[in-house]
Amino acid sequence: MGYIRISDTKDYFIKDGKVFFYFADTCWSAFTNITLEEWKDYLNYRRLQGFNAIQIDVLPQWDRSATDIYMDPFEVLPNGKWNFNKINEEYFERARNMVEMMVERNLIPALVILWANYVPDNWLSKMLAEKGISHVIPKENLEEYLYYVIDKFKDYNPIFIISGDTNFEGDGATEYYLKALEMAKKYAPNSLTTLHLCGGYADVPEEIINSPYYDFYMYQSCHFKDKMHWAYETALKFYNKKVKRPIVNGEPCYEGIGSIGNYNVYGRFTRNDVRKAVWQSLLSGAKAGITYGAHGIWSWEKGLGEYSVSDYAVPYYWRDALVFPGVYDVSFAKWIFEKYELYDIEPANDLLINDTQEIRVSKGKNKLVIYNPYNSNVLLRLTEDYKWEGIELMERKIFVPEVKKLEGETIIKMSPVNSDYLLIGLR
C-alpha cells in the first residue's frame with residue numbers, strides 16, 4: 001500500500017500523485033475490544049461508506065467500554081500495575097494482524113502511540129493519578145517501547161499520531177512527545193506524524209511546533225455543546241501558526257455522545273451538530289481532511305456492563321452506532337471537496353458583512369465557498385461576478401440561489417430551505 005505525503009504548498013496531502021482528502025473514523029478501542037470477526041464486518045462497512053483511514057489507540061483506551069476479550073499489553077504485576085520491562089507479544093501480534101486487515105482494504109492505519117494517560121505532566125495522567133490509577137511509562141522504558149511499536153507497524157506505512165487527548169502542563173509531556181516524533185521519523189520515515197490534542201487546545205510548545213519531525217496539525221474541536229465555536233476558532237489558531245502545515249480536525253463532536261458534563265441540559269450531539277462542526281472546520285483552514293466519530297464505535301460498546309465514564313451519556317451498541325446517519329453527511333462533505341476541487345481555499349471571513357462568525361467563508365483561485373448553518377441572507381463585500389450554486393446539506397438538495405449586486409456588495413438571498421447549506425460561487 002502506498003503512503004501519503006505533504007503537498008508542496010504544505011496545506012493538503014498527496015497519495016499516488018493525486019490530492020488525498022483524509023477521511024478517518026474514530027475507533028480508539030479497537031485493539032482491546034473488538035473480535036476479529038467484528039473487525040472484518042466493521043472494516044467492510046466503513047470502506048463502503050467511503051472512509052480511507054481509521055484512528056486507533058495502540059495501548060488500551062482509558063475510557064473504553066467493557067469487553068470480554070481484553071488483554072494487557074505488558075506483564076501484570078501482583079499489585080495490578082504493568083511491568084514495562086516485559087511486553088506482551090500476543091497483544092501486539094493481534095494488533096498487527098488487525099492493521100494488516102485494514103491495509104488489505106486500502107484503509108490507512110492512524111495509530112496513537114502515547115495517549116495522554118501514558119505520559120507525565122498533562123491533565124489526564126494527573127487526574128487519573130489522583131484516583132490512584134497510573135500507567136505512565138517510566139522514562140527509562142520509553143525508548144524501548146517506542147522502538148518496539150514503531151518497528152511493529154512501520155511496514156504498513158501508518159500515520160503515527162504521537163499523542164492522544166493531551167495538553168502540556170510540564171516539561172515531561174514535551175520531552176516524551178519530542179522523543180516519539182524523533183523516533184517515528186528515524187525508524188519509519190515514510191510515515192506522517194501528528195499530535196492529537198485535548199478539546200479546543202492549540203498551545204503546543206514551541207519546541208514541538210518547530211520540530212522537523214512534526215508533519216501536520218491535528219486538533220480536537222470538543223464534545224461541549226456550548227463550545228461548538230471551537231471548531232472554527234481552533235482551526236484558525238493552527239492556520240495562523242508561524243510554521244505552515246496541513247490541518248485536520250481529528251475529533252469533531254461524536255454523533256450520539258452527550259455534551260460532556262451537562263448532557264442533561266444540552267442532550268446528545270446530532271448529525272446536524274456534526275455537520276456544522278465539519279463544515280466550519282473545513283472552511284476555516286482545516287481543509288486537509290476530517291474525522292468522524294460515533295458514540296459506541298470509539299469505545300466499542302457491547303452492552304456488557306455499566307459504562308465507566310458517566311459524563312458522556314451511555315454509549316449506543318456498536319452495531320447501532322455504525323449506521324448513524326451523520327456518517328453520510330461527512331462522506332458527502334468529502335465528495336463535495338473532491339468534486340469542486342476545494343484544496344486551494346483559504347479562510348476569507350473578512351468578506352462577510354453579517355454580524356456573526358458562525359457563517360464561514362473560504363476563497364480559492366476561481367471559487368468562493370460559504371457555509372451557513374442558519375437560513376438567512378448572506379451579505380458579502382464582493383464585486384466580482386460568480387455563478388452560484390446552492391447545496392442544502394440535510395437532504396442534499398441542489399438549488400439556485402437568488403443573488404443581488406449593490407455597489408461594492410453582493411447579497412445572496414435567503415434560500416427556500418430550513419437547514420444548513422453551502423453556497424459555491426464559481427468564476
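Tell me, which residue of segment 172-204 that is charged (D, E, K, R) and part of a helix (DSSP H, G or I) is surrounded by the most Cβ atoms within 10 Å (Cβ to Cβ)?
Restricting attention to segment 172-204, the residues satisfying the condition of being charged (D, E, K, R) are 175, 179, 182, 185-186, 203.
Going one step further and asking which of them are part of a helix (DSSP H, G or I), we end up with 175, 179, 182, 185-186.
Values: E175: 16, K179: 16, E182: 17, K185: 20, K186: 12.
Only one residue tops the list, namely K185.
Return the total of residues in segment 2-22 being surrounded by fewer than 16 Cβ atoms within 10 Å (Cβ to Cβ) and in a loop (DSSP other than H, G, I, E, B).
7
Name the pairs whose Cβ atoms lie under 7 Å apart, with the first residue in segment 68-82 and assigned to a strand (DSSP E or B), the second exposed (fewer than 12 other Cβ atoms within 10 Å of the Cβ), and 6 or more positions between them or separate chains?
F74/K86; E75/K86
Does N372 satisfy the condition of being buried (at least 20 other Cβ atoms within 10 Å of the Cβ), more than 20 Å from the chain's Cα centre (by Cα) and not aromatic (F, W, Y)?
On the way: buried (at least 20 other Cβ atoms within 10 Å of the Cβ): yes; more than 20 Å from the chain's Cα centre (by Cα): yes; not aromatic (F, W, Y): yes.
In short, yes.
Across segment 248-258, what is the total count of residues that are assigned to a loop (DSSP other than H, G, I, E, B) and out of contact with any Cys (no Cβ under 8 Å at 6 or more places or on another chain)?
Our first condition is that a residue be assigned to a loop (DSSP other than H, G, I, E, B); within segment 248-258, this holds for 252-254, 256-257.
Applying the additional criterion that residues be out of contact with any Cys (no Cβ under 8 Å at 6 or more places or on another chain) yields 252, 254, 256-257.
Here the count works out to 4.
Residue under question is Y266, and the condition is that it be surrounded by fewer than 18 Cβ atoms within 10 Å (Cβ to Cβ), among the aromatic types (F, W, Y) and under 18 Å from F224 (Cβ atoms); does it hold? Break it down into steps so the answer makes sense when it comes.
Details: surrounded by fewer than 18 Cβ atoms within 10 Å (Cβ to Cβ): yes; among the aromatic types (F, W, Y): yes; under 18 Å from F224 (Cβ atoms): yes.
When the stated conditions are applied, Y266 passes them.
Out of D11, D41, D25, which single residue is out of contact with any Ser or Thr (no Cβ under 9 Å at 6 or more places or on another chain) and in contact (Cβ under 8 Å) with a residue 12 or more places away in the chain? Quick ask: steps written out before the conclusion?
Working: D41 fails: in contact (Cβ under 8 Å) with a residue 12 or more places away in the chain; D25 fails: out of contact with any Ser or Thr (no Cβ under 9 Å at 6 or more places or on another chain).
Being out of contact with any Ser or Thr (no Cβ under 9 Å at 6 or more places or on another chain) and in contact (Cβ under 8 Å) with a residue 12 or more places away in the chain holds for just one of D11, D41, D25, which is D11.
Restricting attention to segment 44-59, which residues are more than 23 Å from N249 (Cβ to Cβ) and crowded, with 22+ Cβ neighbours inside 10 Å?
Residue satisfying the conditions is L59 alone.
Take W115 and tell me if it is aromatic (F, W, Y) and either open to solvent by 30 Å² or more (accessible area, probe 1.4 Å) or touching an Asp or Glu at 6+ places or on another chain (Cβ under 6 Å) (or both).
On the way: aromatic (F, W, Y): yes; either open to solvent by 30 Å² or more (accessible area, probe 1.4 Å) or touching an Asp or Glu at 6+ places or on another chain (Cβ under 6 Å) (or both): yes.
Yes, satisfied.
Of the residues that sit in segment 148-157 and are touching a Phe, Trp or Tyr at 6+ places or on another chain (Cβ under 9 Å) and not polar (S, T, N, Q), which one is surrounded by the most Cβ atoms within 10 Å (Cβ to Cβ)? Break it down into steps so the answer makes sense when it comes.
Narrowing segment 148-157 to residues touching a Phe, Trp or Tyr at 6+ places or on another chain (Cβ under 9 Å): 148-154, 157.
Then keep just the ones that are not polar (S, T, N, Q); that gives 148-154.
Working: Y148: 13, V149: 25, I150: 21, D151: 12, K152: 18, F153: 22, K154: 16.
Here the answer is V149.
Among the candidates K367, K334, single out the residue that is crowded, with 16+ Cβ neighbours inside 10 Å, charged (D, E, K, R) and over 22 Å from the mean Cα position of the chain (by Cα). Before you say what the answer is, go through the steps one by one.
Details: K334 fails: over 22 Å from the mean Cα position of the chain (by Cα).
Answer to the selection: K367.
Looking at (1) part of a loop (DSSP other than H, G, I, E, B); (2) at pLDDT below 95, which one does S299 not meet, given that it meets all the others?
Just one mismatch for S299, condition (2).
Note down all Cβ pairs under 6 Å where the first residue falls in segment 259-274 and is in a helix (DSSP H, G or I), the second is open to solvent by 40 Å² or more (accessible area, probe 1.4 Å), and they're at least six residues apart or on different chains.
Y266/K225; R271/P325
Just to be sure, is E169 open to solvent by 20 Å² or more (accessible area, probe 1.4 Å) and assigned to a helix (DSSP H, G or I)? Write out each step before concluding.
On the way: open to solvent by 20 Å² or more (accessible area, probe 1.4 Å): yes; assigned to a helix (DSSP H, G or I): no.
No: the conditions fail for E169.
Give segment 395-427 a look and list any residue that's under 17 Å from I359 (Cβ atoms), open to solvent by less than 60 Å² (accessible area, probe 1.4 Å) and of a type in the set (A, V, I, L, M, F, W, C), or say none.
Within segment 395-427, V403, I411, I412, V417, L422, L423, I424 meet the criteria.
What is the residue count in segment 208-242 for residues that are of a type outside the set (S, T, N, Q) and open to solvent by less than 40 Å² (accessible area, probe 1.4 Å)?
Within segment 208-242, the subset of a type outside the set (S, T, N, Q) is 208-209, 212-219, 222-233, 235-239, 241-242.
Add one more test, that the residue is open to solvent by less than 40 Å² (accessible area, probe 1.4 Å), and what stays is 208-209, 214-219, 222-223, 228, 231-232, 235, 238.
Residues flagged as of a type outside the set (S, T, N, Q) and open to solvent by less than 40 Å² (accessible area, probe 1.4 Å) within segment 208-242 amount to 15.
Taking D25 and the conditions (1) of a type in the set (D, E, K, R); (2) part of a strand (DSSP E or B); (3) open to solvent by 70 Å² or more (accessible area, probe 1.4 Å); (4) closer than 14 Å to W300 by Cα, which numbered condition does it fall short on, given that it satisfies the others?
Of everything listed in (1) of a type in the set (D, E, K, R); (2) part of a strand (DSSP E or B); (3) open to solvent by 70 Å² or more (accessible area, probe 1.4 Å); (4) closer than 14 Å to W300 by Cα, D25 misses just condition (3).
Residues M71, M1: which one is more than 19 Å from the chain's Cα centre (by Cα) and either over 30 Å from I133 (Cβ atoms) or at pLDDT below 95 (or both)? Can you show your working first?
On the way: M71 fails: either over 30 Å from I133 (Cβ atoms) or at pLDDT below 95 (or both).
Exactly one residue qualifies, and that residue is M1.
The values are calculated or read from the model by the stated rules, or taken from the named source; none is laboratory data. In this text the structure is predicted, and so the values were computed from the model without any measurement. Counting neighbours? That spans all protein chains shown, and the Cβs are built from the backbone with ideal geometry, glycine included. Surface areas here come from the heavy atoms of the whole protein model, side chains and all, with no ligands, DNA or RNA. Shrake-Rupley method; radii C 1.70, N 1.55, O 1.52, S 1.80 Å.
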